[in-house]
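The values are calculated or read from the model by the stated rules, or taken from the named source; none is laboratory data. Keep in mind it's a predicted model, so treat the numbers as computed, not measured. Virtual Cβ from ideal backbone geometry, glycine too; neighbours counted across all protein chains shown.
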Amino acid sequence: MSKVITSPVKRYSGTVTLHDPLTFPQSIAFEDALESVRALGDTATLSKIRYAFLPGVLACVESWSLNGGFPERPALDTFPSTPKAPIGELIEWLIAEVSALYRDSEDVPLA
């Protein structure tokens with residue numbers, strides 16, 4: 001099963017398909033990204049924080065269908081970093097969407 005989400009970013013209109021539910025490797029990749037962000041400390045730049053989140057986000061994306069010259073299959077080394085405002089908005093939105101999936105997986109009762 002998958003979750004299709006619609007981009008709120010005007011420059012990168014379209015959809016992104018997330019894995020749903022997340023697998024253990026995907027959840028762990030997101031947890032590792034969270035740890036990487038925390039390890040950056042309070043003086044990290046916004047670009048470094050967003051970059052640290054990307055491996056966790058990318059692990060949870062099944063497919064991309066975004067306009068505006070966005071790569072068909074972005075990877076950590078090919079993910080655009082400019083233009084700063086729309087890319088920042090896109091990454092923040094993706095972090096929020098993956099975080100919601102991750103939190104939902106934490107709500108499953110253990111017994």
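Of (1) small (Gly, Ala, Ser); (2) under 14 Å from Ile91 (Cα atoms); (3) in contact with an Asp or Glu (Cβ under 8 Å, 6 or more places away or on another chain), Ser7 satisfies all except one. Which?
Unmet for Ser7, out of (1) small (Gly, Ala, Ser); (2) under 14 Å from Ile91 (Cα atoms); (3) in contact with an Asp or Glu (Cβ under 8 Å, 6 or more places away or on another chain): (3).
Six or more apart or on different chains, Cβ under 7 Å: which pairs go from a residue in region 1-21 that's surrounded by fewer than 14 Cβ atoms within 10 Å (Cβ to Cβ) to one that's among the charged types (D, E, K, R)? Could you list them?
Met1/Asp20; Ser2/Asp20; Ser2/Glu62
Look through Ser99, Ser63 and report the one residue that is outside any loop (DSSP other than H, G, I, E, B), loosely packed, with under 15 Cβ neighbours inside 10 Å and among the polar types (S, T, N, Q).
Ser63
What number of residues in region 72-81 are touching a residue at least 12 places away in the same chain (Cβ under 8 Å) and either over 12 Å from the mean Cα position of the chain (by Cα) or surrounded by 12 or more Cβ atoms within 10 Å (Cβ to Cβ) (or both)?
The qualifying residues number 3.
From (1) within 17 Å of Glu89 (Cβ to Cβ); (2) touching a residue at least 24 places away in the same chain (Cβ under 8 Å), pick out the condition that doesn't hold for Gly69.
Gly69 satisfies all of (1) within 17 Å of Glu89 (Cβ to Cβ); (2) touching a residue at least 24 places away in the same chain (Cβ under 8 Å) except (2).
Just one of Ile49, Ile5 is over 11 Å from the mean Cα position of the chain (by Cα) and within 19 Å of Asp77 (Cβ to Cβ); which is it?
Ile49
When you check Ala52 against the structure, is it in a helix (DSSP H, G or I) and within 16 Å of Ile5 (Cβ to Cβ), yes or no?
no
Being at pLDDT below 95, surrounded by fewer than 15 Cβ atoms within 10 Å (Cβ to Cβ) and charged (D, E, K, R), is that true of even one residue in region 32-55?
So far as region 32-55 goes, yes, one or more of its residues are at pLDDT below 95, surrounded by fewer than 15 Cβ atoms within 10 Å (Cβ to Cβ) and charged (D, E, K, R).
When region 1-45 is examined, which residues are found to be within 24 Å of Ala85 (Cβ to Cβ) and among the aromatic types (Phe, Trp, Tyr)?
Across region 1-45, the qualifying residue is only Tyr12.
Within the set of pairs 6+ apart or on separate chains, which have a first residue in region 28-39 that is closer than 13 Å to Val98 by Cα, a second that is modelled with pLDDT under 95, and C-beta atoms under 7 Å apart?
Going by the 7 Å Cβ cut-off, the qualifying pairs are Phe30/Tyr102.
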